[in-house]
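The values are calculated or read from the model by the stated rules, or taken from the named source; none is laboratory data. All values reported here derive from a predicted model rather than from experimental measurement. Methodologically, a virtual Cβ is constructed for each residue, glycine included, from the backbone with ideal geometry; neighbour enumeration extends over all protein chains shown. To get the accessible areas, we keep the full protein, side chains included, count just its heavy atoms, and leave off ligands, DNA and RNA. Shrake-Rupley method; radii C 1.70, N 1.55, O 1.52, S 1.80 Å.
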Amino acid sequence: MSLSTLSSSIHFHEWSTQPLITSRSSLVAADLLPSPTANLVFYGRAGNFCHKFRGVKLWILKNLNIRLCNRKYGQENKFKTSKVLDSNRMGDSLMINTACEDQVRDESDSLDKTSNVSTPEGSSSFNPTPKVAPSDGSFNVMQTQAFGFARKEDEVQPLSIAVIGATGDLSRTKIFPALFALYYSGFLPENVRLFGYSRDKLTDGDLRSLIASTLTCRVDHQENCGSKIDSFLSRTFYVDEGFDNQEGILKLNAKMEQLEGARGANRIFYLSVPQEAVLDVATCIADKAQTRKGWNRLVVEKPFGFDALSSKMLTDSLLLKFEEKQLYRMDHLLGRNLIENLTVLRFSNLVFEPLWSRKYIRNVQVILSEKLSLESQSRYPDDYGVIRELVHSHILQMVALLAMETPISLDGEDIRNEKVKVLRSIGKLEPKDVILGQHKAMSKDKTDVSVTSNTPTFFAAALYINNARWDGVPFLIRAGTGLTSHRMEIRIQFDHVPGNIYRGRMGHSIDLATNELILQDVPDEAILIRVNNKVPGLSLHLDTSELNLLYKDKYNAEVPDSYEHLILDVIDGDNHLFMRSDELAAAWNILTPVLQDISKNNVCPELYDVGGRGPEGACYLWAKHGVQWVED
């Protein structure tokens, strides 16, 4: 086509046969450039040309501006694993899409108003890059050069979570409530699906009724609680085992594929099953239920084996079917806020790091005590006891986090690398440094001294870490059940002040006047620092006081359950609070001599009364290492 003009002209080489945009789904700069063979000869008035070009520009804006806004704000938002989701993001998307449409409409009106205004003759230059205002004040959809746009983001990847052993107490009272709490708070994607699997012959409705009574909303925000529970339950489905796990896992996979659709989903398999069933279920999952359209992760509850040998056999078998990065060994006690505070307090406060060594620290105590009720007597079934349940995982992990060197980053593998170095530096326990106890058996009416096994319910020991930072510093650990109170804390006692000029002014023993850092989780989460100060008055007397940070007074927020914390870490792929295979082996290596003595009946646990402070021998063990026993 051609347009006559007085001073300039343009000739388009059959633009109708070469579309300006070759594909609506992919727009690049080359699509907007004329063919190298096109002949450009300028005819016609510049004003008429600008009017026609602006029509093309308007068409481009209408097709791109809304699409780019959708790309940023619409359904394509990735599921953020930074643990913050906007529950109103769909409403925001609609608002922003409308704003984008209005923006294009406004520009259209502006173009129409100026279409009849002639451009001065000879002014033939123009900018082919559309000027699009940022939609949120910070993001410019045209920040790349010319028409080079970023590729459209994928939609949120669906997530499927299968709870194996769904009708058990742990699943009903802890796992499903934790999953609902995450869903209610917006930490699970809307396209999440939950699957229960067990031997019981149930329907979807039966499972929903079973877990509905255990679901509660946050105390601090209970908006739409009922509708959220209904929405969560509608995403919950049930599959029974059938004849065996081979058949049952196949049925589970078929159900998951049916609901996931062609796109598939990431999958988490939570094994809430007895220790003896873990390998069979895990093998069936590996062979018959892993997705190829996303990642697969396997959660295994403690204990992780019965001893070093059985643990190695279990680990080797799992690693034949799964990669190490897929395995998450769950110890719910490691999800407590105290555990996370260990590294935060040490590595983010300059006041502590220079003191964190044998030069200033006299001893470290790790204490975990529990009361006993009739309902809790079954906590340590058969021969597992307190060593396998608490010491092997929880206590030793606390010691490792407390004593490790600074990791090169917060990446899970970097932290686990440092933890395993600490565990490998701890020597094997000697019988002389260990005290075992067993609480007297209970009945509904009285305490009976008769016991049927030598399974310890109390464990106290002195550990030494053989490295340059901690050489000679005793780490005194004690864990037990049936004691005076429920208590979980870490006490770090510092050395005496050399040549203390106030020694004679202390109103009590100099041993009680040492500085102490106390990290307390139960009964109340707190950070305490014991310091010496002057007693008010005319005389010069010193006393020891506590600087107290009590979390419930400082922070008006509900503390999430430890299962919520750890399950969210599994979803995010954050594995620093889960034991790696080499950590597992190193921990068993520390405890193996004690476990062998128990199995050979070479040691006899000392009996103690329920509700007491434990075996008397533990007090002597503390005194042997020069540590004052702290009463419950």
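Can Leu207 be described as open to solvent by less than 20 Å² (accessible area, probe 1.4 Å), under 24 Å from Asp331 (Cα atoms) and not in a strand (DSSP E or B)?
Against the criterion (open to solvent by less than 20 Å² (accessible area, probe 1.4 Å), under 24 Å from Asp331 (Cα atoms) and not in a strand (DSSP E or B)), Leu207 does not qualify.
What do you reckon, is Leu334 at pLDDT below 90 and aliphatic (A, V, I, L, M)? Break it down into steps so the answer makes sense when it comes.
On the way: at pLDDT below 90: no; aliphatic (A, V, I, L, M): yes.
No, not satisfied.
What are the residues in the stretch 160-189 that are of a type in the set (A, V, I, L, M) and closer than 16 Å to Ile268 by Cα, if any?
Those that are of a type in the set (A, V, I, L, M) and closer than 16 Å to Ile268 by Cα: Ile161, Ala162, Val163, Ile164, Ala166, Ile175, Ala178, Leu179, Leu182, Leu188.
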Residues in the stretch 158-173 that are within 14 Å of Phe237 (Cα to Cα) and surrounded by fewer than 19 Cβ atoms within 10 Å (Cβ to Cβ): how many?
0
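For the stretch 400-442, which positions are under 14 Å from Leu591 (Cα atoms) and either assigned to a helix (DSSP H, G or I) or of a type in the set (A, V, I, L, M, F, W, C) (or both)? Talk me through it step by step, then tell me what you get.
Filtering the stretch 400-442 for residues under 14 Å from Leu591 (Cα atoms) gives 423-436.
Residues satisfying the conditions are Leu423, Arg424, Ser425, Ile426, Leu429, Pro431, Lys432, Asp433, Val434, Ile435, Leu436.
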Say whether the condition of being over 23 Å from Asp574 (Cα atoms) and surrounded by fewer than 22 Cβ atoms within 10 Å (Cβ to Cβ) is met by at least one residue in the stretch 184-194.
no
Can you pull out every residue in the stretch 254-280 that is under 24 Å from Val300 (Cα atoms), of a type outside the set (Asp, Glu), open to solvent by 20 Å² or more (accessible area, probe 1.4 Å) and in a helix (DSSP H, G or I)?
Ala254, Lys255, Gln275, Ala277, Leu279
Considering residues that are open to solvent by 10 Å² or more (accessible area, probe 1.4 Å) and of a type in the set (A, V, I, L, M), the number found within the stretch 319-337 is 3
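Restricting the search to the stretch 224-248, which residues are crowded, with 16+ Cβ neighbours inside 10 Å and either charged (D, E, K, R) or over 27 Å from the mean Cα position of the chain (by Cα) (or both)?
Keep residues of the stretch 224-248 that are crowded, with 16+ Cβ neighbours inside 10 Å, which gives 228-229, 232-233, 235-241, 245, 248.
Residues satisfying the conditions are Lys228, Arg235, Val239, Asp240, Glu241, Asn245, Gly248.
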First in the stretch 162-181 and within 25 Å of Gln290 (Cβ to Cβ), second anywhere and open to solvent by 30 Å² or more (accessible area, probe 1.4 Å) and part of a helix (DSSP H, G or I), Cβ under 7 Å, 6 or more apart
Thr167/Leu210
Exactly one condition in (1) surrounded by fewer than 20 Cβ atoms within 10 Å (Cβ to Cβ); (2) within 17 Å of Val570 (Cα to Cα); (3) touching a residue at least 24 places away in the same chain (Cβ under 8 Å) is not met by Thr283; state its number.
(2)
Quick check on Lys288: is it touching a Leu at 6+ places or on another chain (Cβ under 7 Å) and over 26 Å from Leu215 (Cβ atoms)?
yes
Those residues of the stretch 575-617 which are acidic (Asp, Glu) and assigned to a loop (DSSP other than H, G, I, E, B) amount to Asp609
Filter result (part of a loop (DSSP other than H, G, I, E, B) and hydroxyl-bearing (Ser, Thr, Tyr)) within the stretch 554-563:
Tyr555
Whether any residue in the stretch 542-553 is at pLDDT below 90, assigned to a helix (DSSP H, G or I) and acidic (Asp, Glu) is what I want to check.
yes
Per-region count, the stretch 471-485, residues of a type in the set (A, V, I, L, M) and out of contact with any helix residue (DSSP H, G or I) (no Cβ under 7 Å at 6 or more places or on another chain)
2
So Arg193 clears everything in (1) at pLDDT 95 or above; (2) part of a helix (DSSP H, G or I) except one condition, right? Which one?
(2)
Name the residues in the stretch 517-541 that are in contact (Cβ under 8 Å) with a residue 40 or more places away in the chain and in a loop (DSSP other than H, G, I, E, B), would you?
Glu525
